[in-house]
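Working notes, structure below.
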Amino acid sequence: MRSTITFSISFFIKKHRVSAGKVPVYLRITVNRKRLDLSIKRKIELAYWDDGKGQAKGSRSEAKALNLYLEQVRHHLYDCYQ
């Protein structure tokens, strides 16, 4: 019998926590339908967040820096999972 282990990583924002025009970015790790939500201690303006992709949109330097950080976190977590 084979066991199936699920693992996923996603990023999202909490729109109801607006502070100074910015919202916090959170990380969700899901393993076998159990979720863990963590703050990554980064904020972004609500207008510059793409819910579908789970990352910042646009070509501004802030958006590029945030997306680079999100990819680093994602790769680090996948390495830990492996």
Suppose we filter 70, 46 for residues that are surrounded by 11 or more Cβ atoms within 10 Å (Cβ to Cβ), at pLDDT below 95 and aliphatic (A, V, I, L, M); which single one remains? 46
Scan segment 1-43 residue by residue and report those that are among the charged types (D, E, K, R) and surrounded by 10 or more Cβ atoms within 10 Å (Cβ to Cβ). 14, 15, 17, 22, 28, 35, 37, 42, 43
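Just to verify a result, which residue in segment 43-82, among those that are of a type in the set (Asp, Glu) and in contact (Cβ under 8 Å) with a residue 24 or more places away in the chain, is nearest to residue 12 (Cα to Cα)? Before the answer, list the steps.
Step one: filter segment 43-82 for residues of a type in the set (Asp, Glu), giving 45, 50-51, 62, 71, 79.
Then drop every residue that is not in contact (Cβ under 8 Å) with a residue 24 or more places away in the chain, which leaves 45, 51.
Numbers: 45: 13, 51: 7 Å.
For segment 43-82, the residue satisfying everything is 51.
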Looking at segment 43-70, which of the residues that are of a type in the set (A, V, I, L, M, F, W, C) and assigned to a helix (DSSP H, G or I) is nearest to residue 20 (Cα to Cα)? 46
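The values are calculated or read from the model by the stated rules, or taken from the named source; none is laboratory data. These figures come from a predicted structure and were not determined experimentally. Reconstructed Cβ throughout: ideal geometry from the backbone, glycine too, with neighbour counts over all protein chains shown.
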